[in-house]
Amino acid sequence: MHDILQELKTRLQEINDLGSATSLLHWDQATYMPPKGAAARARQLATLSRLSQEKFVDPAIGKLLDQLEPWAEEQPYDTDDASLIRVVRRDYEEAIKIPTAFMAEFSEHSALSYQAWAKARPENDFASLQPILEKTLDYSRQLADFFPGYEHIADPLIDFADYGMKASDVRVLFGELRQQLSPIVQAISEQAPADDACLRQVFPEAEQLQFSEEVVRQLGYDFQRGRMDKTHHPFMTKFSLGDVRITTRVKEEFLGECLYSVIHEGGHAMYEQGIRREFEGLPLASGTGMGVHESQPLDKTQRTEYNQHRQRKTNPVGDQKQGINYENPDLRYTRSSPERSKDPQNPPKKRSEAGACTSALPGTDDLLCQCAPHG
């Protein structure tokens, strides 16, 4: 049985290597790739997606699982090998329902969509993106239709991110949150706007990056197993347990743009860096679900952004000469001023502008995470 299990792990690690190469190409596209490399990059990503899908849906994988499952059922439920076999079976049964050609086509479209968004974002050109987003929705509907019998068309897509969840579960969860959060939001909204002038001063880009790097290092992010680069919209990506990267962006007139995104993506990355090394290259070497994954940066944000003790301890770059006051209690859990930008050449973004926060079109003025696939 050991030899059969080892053969399965070897095949899975080869598939993971293709996925890591895909992630590396995605990371490069979002950080350093020249714009005119987009067409070739989309083709390359489609090729890797096709090869990875072909390897995973190989009937040989199914046969190995058939041989291993009787043995796995005799093991304690939460042992590593039994869990691996159970997770691989679940993923395999999903994957064989999706045509390989579709995966390659969708991957190519996604890469081209990103490049179109990167061009449209600074120009605030939503009109050029609308047909691309409509095509993305069409692909998403096709993907859902490979899993007939759903209650809501979003169910299969939600299940990909959080196994076992459906739209009906999300409605119940959000309903409970709405009941509890609405009074809190109302109470905050009735307060005077927070004075966040300490964040809205001029901080040179190099100093912001240096400070943000030091903050996330103190939080526990291991730069021996990661690095930080600039991008259009911050994300975390992983190529191995020894190479988990984060990205950020900088506005010299707003410290929070860089700092908060680094803390957020660092939370994702530290979760991945904390995975046991013996899971390297296997489906268990990943987050348990998007919900738990997003809880990690939220924890880091709450521990850091609004913690006066840590603010006093770390002292941002230039806090003395900029006159930053970390003793101001109004900086905690209060809303930012809606008048944060009075410059007519740089008004606050509207939700309907290009870059509004949607799953396919990352926000331009929101520090929300556009995470790369976690394994």
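All of the numbers you see were taken from the coordinates with simple rules; none came from a lab. Given the structure is predicted, the values throughout are model-derived calculations rather than measurements. Methodologically, a virtual Cβ is constructed for each residue, glycine included, from the backbone with ideal geometry; neighbour enumeration extends over all protein chains shown.
Here are the numbers for the structure shown:
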{"read-out": "Euclidean distance between Cα centres, segment 119-176 to segment 31-54, Å", "value": "23"}
{"read-out": "Translational diffusion coefficient (Stokes-Einstein; Kirkwood radius from C-alpha pairs) of segment 2-146 at 10 °C, 1.306 mPa s, in µm²/s", "value": "92"}
{"read-out": "For segment 154-302: rounded, prolate or oblate by the Cα gyration tensor [a/c cutoff 1.5]", "value": "oblate"}
{"read-out": "Sorted by Cβ density within 10 Å, fewest first, the residues S261, S182", "value": "S182, S261"}
{"read-out": "Global form of segment 29-85, assessed from the alpha-carbon gyration tensor, a/c cut-off 1.5", "value": "oblate"}
{"read-out": "17 Å reach of a label modelled at E280, 7 Å along Cα-to-Cβ, counting backbone N of segment 1-20", "value": "9-20"}
{"read-out": "Set K36/K97; K251/K300; K119/K166 screened for pairs whose C-alpha atoms are more than 30 Å apart", "value": "K36/K97; K119/K166"}
{"read-out": "Cβ-based exposure ranking for H109, H233, in which fewest neighbours within 10 Å come first", "value": "H109, H233"}
{"read-out": "Segment 151-190 - Rg (one decimal) and Dmax (whole number), Cα, Å", "value": "13.7, 40"}
{"read-out": "Dipole magnitude of segment 2-146 about its Cα centre (Cβ charges: Lys, Arg +1; Asp, Glu -1), debye to nearest 20", "value": "800"}
{"read-out": "Sorted by Cβ density within 10 Å, fewest first, the residues K119, K36, K63", "value": "K36, K63, K119"}
